[in-house]
Structures are given as structure tokens and as C-alpha cells.
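Below: the structure, in C-alpha cells.
Read-outs: derived from the displayed coordinates by stated rules, not from any lab. All values reported here derive from a predicted model rather than from experimental measurement. With ideal geometry, Cβ positions are generated from the backbone for all residues, glycine too; neighbour counts draw on all protein chains shown.
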Amino acid sequence: MNFDYSDKVKSLQKELTGFMDAHIYPNEGRFFAEIEANRSKGNAWVPTQIVEELKVKAHKAGLWNFFLPKSHRAPQGLSNLEYAPLCEIMGRVPFAAEVFNCSAPDTGNMETLERYASEAIKDEWLEPLLAGKIRSAFLMTEPEVASSDATNIQCRIERQGDHYVINGRKWWSSGAGDPRCAIYIVMGKTDPEAPRHSQQSMIVVPANTPGITVKRALSVFGYDDAPHGHMEVELKNVKVPVSNILLGEGRGFEIAQGRLGPGRIHHCMRSIGSAERALELMCHRLNSRVAFGKPISAQGVWHERIADARIMIEQARLLTLKAAYMMDTVGNKHAKTEIAMIKVVAPNIAGQIIDMAIQAHGAAGLSGDTPLAYAYAHQRTLRFADGPDEVHRNAIAKLELAKHALIKGEIEMPVTRGF
């Protein structure tokens, strides 16, 4: 395996880093100030002007839609291995990925539409998503069942003539409260009597369809994540054409396998960037503060923590690159062990390193004066997003045991979001 970055990737890294230095880092304060100003006016769910302005700049610079490989609709799309170092750079700032039209859940939804939707649906919904004109949401997790096992999903998708009628309640539907959100991809049950993994389907639902109610925004460790947010959504007798079903009835798990693999590794790539930035902030802080007569960086305990942080980042990056390489060369299905492993490793090491950085900053690390508290909350949520650690560890163990079984059986990658 050769993880050397190509000249093309090195050039894009340089361009992207330059854009971050010139436009993203200097505007972090403005981003959160705009959200707070909107919140004080009674509506935090208003897109920030700064992100919309920067999206125009990024599009003009050609820094756009890196995530979607092998699509004639996005010819600039990169392989997973090429995308990894760029995604890491974006992960250093919470809102950066959206500026380059590379943010979740839109990336996963766009990949789903590219792979599994009809040309008519692609023309209607994928094209404006690729252009950054609209946003989307993925409705899978439900409040009344353990969503770590996606077969528990109870939302019903029932055919009535030329339409499907949808009834159910979803939550942690990221982005569903954004006024730019124009389309949902909904996972629900079309046939409760079918085999366990053939009961579910996925369907495209325009967000303005009658019967949809966004009930509330869910907070994450006190953050509302506005203007994106994570919503609880009620679907009551929501009626959409039969043509909106993806691939056909009973193929929801098949689609989920294809969607969640890339989504998981994209989260991990960004987590590496978040950990790198936390380590940088920690080192700057330790070098600039004096306690007990000498710089804090001279205290031996911090040498050990800094070394541990660097080791963890390098290990996690290598595993991320290996998973990306395997996705590109042998496919998501054969990379399932590596995808599951990095999904456990990356958020955990990022959380540990951010925690060290918070400790180095003292009380300032707990406040909004640094990006650390927000980053910590986000990384902690990723240990649930796209499946909790326990589910991925279980899958890894089963795959390992299968190597040594007398009779080997295939083990599927878990279809789970955790929330």
C-alpha cells in the first residue's frame, strides 16, 4: 500500500490550506456571532451570511464537491484516498466542510442519489444539491426503538395505488430544520412480513410535502448546532409518488450499506483534522503560559500527553488511509473491517486529545473563547453517529472470529446510525 499523496492532491492541499487561512479561520468568530444574533432575534435557524459568501468563493476557486468519485455530474470528485487529506483539513473548523459543499448529511445523500436514484430524481434533486443551492436530511433513527439495530425501525411506507403513504416519527434528523433543506431520504418499513433484512426501503420525500412536521430541535451537550441542527420529525400520512422509491421495495439495507461506509470514513477524516488542531492549540497554550516559575510546557506531565497525542493521531491517520485505500481498490464491502475499526478509533482519539487540550487551557477551554468545548461535544456525538462503538466492536470481533471458524460465514457490516 502506497499512501504518498499525488502531485494533484498536494496541489489541492496547498490551495485548500490557503483558503482556510485566508477565509475560514478569520471568520470563525463571525460565524458564531451571526448565529447568536439570529438566536437573539428569536430564530437561530437562519443560514449564516458568511457561509453563503464563502461558498461562492470556494466554488469559483474550484474547491467544490471533492467527495463524489466516478460521477459525470461531479467530474472533480476524488477517490477516497485522495479525499482523505483534504477532508482532514476541512475538519479543523466545524463549518468548513459546508463551504466546499462537502458536509454531512448532504454528501451521503448525494452519493445515495448518484448510486441508486432514477435519472429523473437525479435531475430534480441531485443537481441542485451538487450546486449547493439546497440542503437535505437523512431520516433513519427513531425515538421509540433502539436504532443501533436498524431492523427495529417502525416507520411505515405503505403503497396505495400510484403513491406511497408514510407514517412515523424520526429524530436526530440532521439538517431538517434548515430552511434550505428541500429533500429528505427516509428509511422505513414496506413489508413487515418479509425476511428481517428485506422489510425496509428508502424513499425520496420533498421536505414541503403535506403531513411533515418538524417537532423540535435536539440539543447536544447544550449546543443546538444551529442553523443545521438535529430535529425530531413527524410524518403523518405523507404521500409521495411510487417513482420516489430507491431501487425498489425491500432494498433499504442494501442502500444503507452503500451509504454509510463513505459517511463513516468522512467523519473519521474530519476527526483527524479536529485532533490535529487541538494538539496545535494545546502546544501554543503550554508554550505561552507560566506556572510555578517556568513555562507549563516544561512540566514533565505535558511531555507525555503531547507524545501520546502525536502517536494517536499518526496511528489513526494511517488506519484511515488504509480504509480509504481498500474502499477504492476492493470496495466498501471488503473494507468493512477497516471502516468499522477507524469508526471506533478516530472519534475516541480525537475526544481524548481535545480533552487534553481543554485541560491545558484551564477554564478557558470550557468556554466559547476557544473551539475546544464545541469540538469535544461533536467528537463525543460521533461515538453514536453512524453506529455506536459497541456495534462496530461487535462486528470487528465477529469478523475476527470468522477467520478462525471451522465453517466460515459472511458477516455483514452493521447498518446502524446510533442516532
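Structural remarks
- Distance-filtered residues of region 350-391 - backbone nitrogen under 20 Å, label point 7 angstrom along R196 Cα→Cβ: 387-391
- Taking the chain as a Gaussian network of alpha-carbon nodes connected by springs under 10 Å, the highest mean-square fluctuation of the residues K14, K294, K343 belongs to K294.
- For q = 0.12, 0.15, 0.22 Å⁻¹, Debye-computed log10 I/I(0) when each Cα of region 297-404 counts as one equal scatterer: -0.52, -0.74, -1.17
- Cα gyration tensor shape for region 135-249, rounded if a/c is under 1.5, else prolate or oblate: oblate
- Packing here is the average count of other Cβ atoms within 10 Å per residue, and on that basis the peptides 36-42, 225-231, 157-163, highest first, run 225-231, 157-163, 36-42.
- Area projected by the alpha carbon convex hull of region 7-130, averaged over all directions, nm²: 8.1
- Segments 331-342, 49-60 sorted - mean Cβ within 10 Å per residue, highest first: 331-342, 49-60
- Centroid-to-centroid separation of region 305-379 and region 9-27 [C-alpha atoms, Å]: 21
- When each of T17, T381 is scored by the number of other beta-carbon atoms lying within 10 Å, the sequence from fewest to most is T17, T381.
- For the pair N2 and N152 in one chain, pulling the backbone fully straight at 0.36 nm per residue adds 49.9 nm over the alpha carbon distance.
- For the pair N287 and V301, label points projected 7 Å from Cα toward Cβ lie 2.3 nm apart.
- Sum of side-chain charges, V205 neighbourhood, beta-carbon under 12 Å (Lys, Arg +1; Asp, Glu -1): +2
- For region 232-345, the Rg and Dmax computed from alpha carbons only, in angstrom: 22.0, 73
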